[in-house]
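Presented below is the structure to which this report refers.
All of the numbers you see were taken from the coordinates with simple rules; none came from a lab. As the structure is a computational prediction, the values presented were derived from the model and not from experiment. For neighbour counting, all protein chains shown are included, and Cβ atoms are generated from backbone atoms with ideal geometry for every residue, glycine included.
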Amino acid sequence: MDQKHKNVAKTHFILIIMGFLAVVGVLTLSTSIGFSNLNQINARLQEVVQQNNGKSILMTRMRDVIRERMLIVYAVVNLRDPFEQDEYQEKYSGFASQFIDARDKLTALGLTDEQKQQLDGQRKILGEAQVILNQVFDLVRAEQYEEASKQAVKAHEMNNRVLVELQEMRELQQKIAESSVAESGVATAMARKKILSLVALAIGISAVIIGFVLLIIRRQDKALTKVMQELEDANVNLEKRVVERTNELMSTKAENMRMSAELEVTHQLQEMLLPRDEELLQVKGLDIAGFMEPADEVGGDYYDVLNYDGRTIIGIGDVTGHGLESSVIMLMVQMAVRTLAVSKELDPVRYLNVLNRAVYDNVQRMGSHKNLTLSLLEYQDGALNLYGQHEEMIVVRKATGALERIDTVDLGFPIGLQDDISAFVHTHQIQLAPGDVVVLFTDGIPEAENDRKEYYLIDRLCDVVKTNFARPVNEIRQAVVDDVRRHIGSHKVYDDITLLVLKQQEVA
Amino acid sequence: MATIEGENYKVEYNPDTATIAISGALRLGGLGEYAPIIEVLNAALDEHTNITLNMKQLEFLNSSGIAMLSKFVIEARNKETVDLTLCGSSDVPWQGKSLINLQRLMPKITLVVE
């Protein structure tokens with residue numbers, strides 16, 4: 001494409017240059033022709049004028065000479081003094097040579113055949129007149145004045161004929177000169193025509209070139225306009241796409257930032273309210289180890305250990321769904337459980353029902369559709385009171401190594417689902433002997449999936465607990481966590497993993 | 001026959017038999033993502049008075065999904081004229097507890113557990 005354009009441009013360029021050269025050539029030619037013609041004409045005119053002038057002068061000279069000679073003769077006829085007569089005769093003789101001189105010069109200037117003939121004729125007549133004039137001088141000398149006058153007159157007539165002829169010649173000469181001028185005029189006109197036609201040719205060629213150039217320019221202009229338009233359209237399109245894409249990216253980025261900010265907040269909230277290790281150590285009679293690992297997108301697991309007046313309240317629960325809303329509800333539940341503990345509410349049914357009502361009313365206000373499972377354990381001196389609906393509670397007895405799974409389905413109802421759950425709250429009591437182990441967990445453990453889509457299941461948890469129950473609580477905890485992680489492998493973790501291990505302390 | 005199909009699950013609503021069958025594993029993130037299924041359930045509520053929800057093939061349902069079912073049951077309960085039958089499988093872990101809770105929400109429910 002590029003090469004084609006280059007070639008076309010080159011061709012155009014060459015054509016234009018050639019055209020320009022042609023115009024210049026034609027103009028030069030016409031100028032030189034014009035000049036040479038003009039010079040010729042000028043030279044000829046000058047020549048003609050010169051000649052004409054020269055010839056006129058000479059003819060006039062010849063005429064004057066003849067006249068003056070005549071006058072001299074007339075004068076002599078009246079002269080009586082012989083000295084004067086001689087003087088005049090001398091003058092008279094001088095005239096002859098002057099006349100010849102003029103006539104020779106005239107001939108030298110170039111005469112037509114006719115003029116030559118005329119001059120010859122005149123010479124004859126003048127010759128005859130001269131003879132008579134010579135006789136006049138003789139007659140005057142001889143004092144025959146009358147005869148002399150008569151002869152003079154005769155001669156005069158003859159001279160007059162010459163004079164007239166000379167006059168005619170001069171007039172003819174004038175005509176010849178005029179016709180030469182006319183010829184020059186014609187030549188000039190022709191030259192002018194030639195020049196004009198050459199100029200016209202030059203203009204024509206120029207017009208063609210200009211037309212050609214204009215055509216090229218227009219074509220290129222059109223092409224350029226088209227290209228510019230396409231470029232502009234492409235530009236506009238590009239800008240539009242850039243704006244769209246930027247908006248897309250911005251909103252994705254904003255969304256990502258919002259999500260990550262939310263995640264941050266969620267994790268912080270979860271962390272903030274977990275019981276500290278020192279608090280766990282303060283529980284008399286019970287060793288407690290807790291573990292919570294939030295999943296990427298999930299937030300909403302809850303556990304707590306509260307100590308008031310020798311009474312320990314242990315809670316574990318799971319808010320449905322994930323995100324900020326779930327975390328906020330979890331916060332509310334933690335606060336409600338503590339508030340009721342502080343208020344020394346002893347009746348489990350009331351405890352859970354008040355808590356449920358408070359959560360339910362708030363959830364309604366929030367327009368949320370979330371609820372939560374919640375198990376509460378009251379512990380004092382080895383006596384454990386369990387209520388609320390959540391996952392199973394695992395108990396391993398040191399004495400027998402036997403493992404019990406205590407179902408909480410009938411001990412409660414999801415919190416926040418309806419305004420009154422008092423009908424569903426029941427308690428389950430057990431007594432812990434030293435070394436007995438209790439494990440509480442959220443559904444993140446049994447529902448943990450591996451790459452083969454196999455669930456961890458409570459059975460496997462029970463196996464691990466049963467195997468490790470004799471060890472200290474933190475080791476039991478570690479064993480479970482390791483095993484769950486082993487199971488999950490590299491698969492995605494969907495739910496928070498929460499674990500509480502309790503062991504009745506040995507008597508000191 | 002309205003069908004909703006996702007990556008791992010399928011929801012089929014048969015208007016003629018007023019049966020909604022849900023199968024697979026439902027792990028959608030929040031009630032927002034469950035909206036299409038909620039629509040199907042509500043449509044069934046509008047069109048019929050005797051509805052069957054078949055969850056025998058529903059291997060897994062996350063807490064948001066269970067919350068969705070709870071809402072559905074509360075809606076059905078509030079309609080007073082509706083009879084609801086829930087079909088489940090004892091092999092599926094999550095169903096044991098949840099089906100009991102759903103019946104507690106609406107005692108009229110008929111539970112068919114295989």
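For the pair A:Gln380 and A:Val24 in one chain, pulling the backbone fully straight at 0.36 nm per residue adds 115.9 nm over the alpha carbon distance.
Cα-Cα pairs above 23 Å in segment A:387-508: how many percent? Percentage above 23 Å: 38.
Give the residue list of chymotrypsin sites (Phe, Trp or Tyr not before Pro) in segment A:99-150 that are DSSP loop and have at most 12 other beta-carbon atoms within 10 angstrom. Answer in residue order: no site qualifies. Stick to the Cα atoms of segment A:275-504, pair each with every other, and give me the Kirkwood hydrodynamic radius in Å at one decimal. About 17.8 Å for segment A:275-504.
Under the shape rule built on the C-alpha gyration tensor, where the axes satisfy a ≥ b ≥ c, segment B:2-113 is rounded, since a/c falls short of 1.5. What area, in nm² and to one decimal, does the C-alpha convex hull of segment A:10-94 cast on average over all directions? Projected over every direction and averaged, the Cα hull of segment A:10-94 covers 7.0 nm². Shown for A:Ser184, A:Ser97: other C-beta atoms within 10 Å of each C-beta, ranked fewest to most, produce the order A:Ser97, A:Ser184.
According to the Kirkwood relation over distinct C-alpha pairs, the hydrodynamic radius of segment A:26-144 is 17.2 Å. According to the calculation over all Cα-Cα pairs in segment A:135-282, the P(r) per 5 Å bin from zero is 2, 6, 5, 4, 4, 4, 4, 4, 4, 4, 4, 3, 4, 3, 3, 3, 3, 3, 3, 3, 2, 2, 2, 2, 2, 2, 2, 2, 2, 2, 1, 1, 1, 1, 1, 1, 1, 1, 0, 0 %.
A viscosity of 1.567 mPa s and a temperature of 4 °C, combined with the Kirkwood radius over Cα pairs in Stokes-Einstein, give a translational diffusion coefficient for segment A:1-45 of 99 µm²/s.
For segment A:137-199, the convex hull spanned by the alpha carbon atoms encloses 60 Å³ per residue.
Taking every pair of alpha-carbon atoms in segment A:270-404, give the share separated by more than 21 Å as a whole percent.
44 percent
Computed FRET efficiency, Cβ-Cβ of B:Leu111 and B:Lys10, R0 25 Å: what is it to the nearest 0.05? Rounded to the nearest 0.05, the efficiency is 0.65. If R0 equals 35 Å, the separation of the Cβ atoms of A:Lys253 and A:Arg338 corresponds to a calculated FRET efficiency of about 0.35. Annotation: the antiparallel percentage among DSSP beta bridges lying fully within segment B:2-113 is about 40.
Each Lys and Arg adds +1 at its Cβ and each Asp and Glu adds -1 at its Cβ; summed about the Cα centre, chain A shows a dipole of about 4040 debye. Note on chain B: GNM, Cα springs under 10 Å; of B:Leu41, B:Leu31, B:Leu99, the largest mean-square fluctuation is that of B:Leu31. Counting pairs of Cα atoms in segment A:2-219, how many percent are more than 21 Å apart? Of all Cα-Cα distances in segment A:2-219, 69 percent exceed 21 Å.
Per residue, the convex hull spanned by the Cα atoms of the protein assembly as shown measures out at 362 cubic angstrom. Considering only A:Gly94, A:Tyr494, A:Val319, and ranking their Cα positions along the charge dipole of chain A that arises from unit charges at the beta-carbon of Lys, Arg, Asp and Glu, the one farthest toward the positive end is A:Gly94. Once the Cβ-Cβ distance of A:Leu15 and A:Lys105 is raised to the sixth power relative to R0 = 45 Å, the FRET efficiency obtained is 0.10. Note on segment A:424-479 and segment A:142-215: Cα centroid distance 144 Å, given to the nearest whole angstrom.
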